[in-house]
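These notes are about the structure you will find just below.
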Amino acid sequence: MTDAQDIVLTAIGSDRPGLVQALAETISRHEGNWLESSMAQLGGQFAGIVRVRIPSAQAAALESALAGLDSLQVVTKRVASTEAPAVQRSWLLEVVGHDRPGIVHEVSQVLARHAVNVEALDTYTSSAPMSAETLFHANARLSGGAGIDPAAVKAALEGISTELMVEIALDEVTDR
């Protein structure tokens, strides 16, 4: 598309079959190209984030059509149609431990202090096999510039792991 506009949209609604189809049909009807997305069912709710590229002349009509979907609450944001800057370093982070409030807060503070970006974060809870206590799990894809010291980030994360009673693994990704 020569005169194109990227739109990032978030959608939430009571989960049921056909919600993704309703989004896809609306985007397609307005000549949009579905570029990337992440969707999940959380607590009985469908939640999704999608980036589409659409002819600029169709952007307002698409936003209006999405706002009119009765099964979803959709928020749109127009963004520059540029590619993201090249990531110089990437890591995978895994956190597992007894569930308690504040784990994501403490871990994210460490990452922010070290200028590490959270690209994706998935969390869930499960029952511990032997004790049936609730375990918290987090898996994250992280990125940052060449100047970041992974050893310092790992040391800072290990420094909070005892207080949080979690195990933390941080591994650099080399084939990005």
Going through the range 49-73 in order, the residues found to be within 25 Å of the chain's Cα centre (by Cα) and in a strand (DSSP E or B) are Ile49, Val50, Arg51, Val52, Arg53, Ile54, Gln73
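From the set of residues in the range 5-22 that are of a type in the set (A, V, I, L, M) and assigned to a strand (DSSP E or B), which is most open to solvent (accessible area, probe 1.4 Å)? Show your work before the answer.
Start the filter on the range 5-22 by keeping residues that are of a type in the set (A, V, I, L, M), which leaves 7-9, 11-12, 19-20, 22.
With assigned to a strand (DSSP E or B) added as a condition, the list becomes 7-9, 11-12.
On the way: Ile7: 0, Val8: 45, Leu9: 0, Ala11: 4, Ile12: 76 Å².
It comes out as Ile12.
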Looking at the range 91-112, is at least one residue open to solvent by less than 30 Å² (accessible area, probe 1.4 Å) and closer than 29 Å to Gln5 by Cα?
no
Tell me the residue from Ala146, Ala151 that is at pLDDT below 90, small (Gly, Ala, Ser), over 22 Å from the mean Cα position of the chain (by Cα) and open to solvent by less than 80 Å² (accessible area, probe 1.4 Å), please.
Ala146
Could you list, in sequence order, all residues of the range 132-157 that are assigned to a loop (DSSP other than H, G, I, E, B) and on the phi < 0 side of the Ramachandran plot?
Glu133, Gly145, Ala146, Gly147, Ile148, Asp149
With the checklist (1) over 17 Å from Leu92 (Cβ atoms); (2) out of contact with any strand residue (DSSP E or B) (no Cβ under 7 Å at 6 or more places or on another chain); (3) of a type outside the set (Ser, Thr, Tyr) in hand, flag the one item His114 doesn't pass.
(1)
For the range 6-30, how many residues are of a type in the set (S, T, N, Q) and either under 9 Å from Val50 (Cβ atoms) or modelled with pLDDT under 95 (or both)?
1
Restricting the search to the range 27-85, which residues are within 28 Å of Gly144 (Cβ to Cβ) and either among the aromatic types (Phe, Trp, Tyr) or touching a helix residue (DSSP H, G or I) at 6+ places or on another chain (Cβ under 8 Å) (or both)?
Met39, Gly48, Val50, Val52, Arg78
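Just name the residue that is modelled with the lowest pLDDT out of those in the range 164-176 that are open to solvent by 60 Å² or more (accessible area, probe 1.4 Å) and closer than 13 Å to Val96 by Cα.
Kept after step one, since they are open to solvent by 60 Å² or more (accessible area, probe 1.4 Å), are these residues of the range 164-176: 165, 167, 171-172, 174-176.
If we keep only those that are closer than 13 Å to Val96 by Cα too, we end up with 165, 167.
Values: Met165: 90, Glu167: 94.
That would be Met165.
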Leading residue by the ranking (farthest from Val95 (Cα to Cα)) among those in the range 118-131 that are outside any strand (DSSP E or B) and open to solvent by 70 Å² or more (accessible area, probe 1.4 Å)
Met130
Given the conditions (1) touching a residue at least 40 places away in the same chain (Cβ under 8 Å); (2) under 25 Å from Thr10 (Cβ atoms); (3) not in a helix (DSSP H, G or I), every one holds for Leu111 apart from (3)
Does any residue in the range 48-72 that is at pLDDT 95 or above and open to solvent by 30 Å² or more (accessible area, probe 1.4 Å) come within less than 7 Å, Cβ to Cβ, of a residue that is in a loop (DSSP other than H, G, I, E, B) and aliphatic (A, V, I, L, M) six or more places away or on a different chain, and which pairs are these?
Arg53/Met1
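Let's see how each residue does on (1) surrounded by fewer than 17 Cβ atoms within 10 Å (Cβ to Cβ); (2) under 17 Å from the mean Cα position of the chain (by Cα); (3) acidic (Asp, Glu); (4) in a loop (DSSP other than H, G, I, E, B):
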{"site": "Ser28", "(1), (2), (3), (4)": "yes, no, no, no"}
{"site": "Ala40", "(1), (2), (3), (4)": "yes, yes, no, no"}
{"site": "Val75", "(1), (2), (3), (4)": "yes, yes, no, no"}
{"site": "Ser81", "(1), (2), (3), (4)": "yes, no, no, yes"}
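The values are calculated or read from the model by the stated rules, or taken from the named source; none is laboratory data. Predicted model only: the values in this text are computed from it and were never measured. All Cβ positions, even for glycine, are placed from backbone atoms using ideal geometry, and neighbour counts span all protein chains on display. In case anyone asks, the SASA skips ligands and DNA or RNA and just uses the protein heavy atoms, side chains included. Shrake-Rupley method; radii C 1.70, N 1.55, O 1.52, S 1.80 Å.
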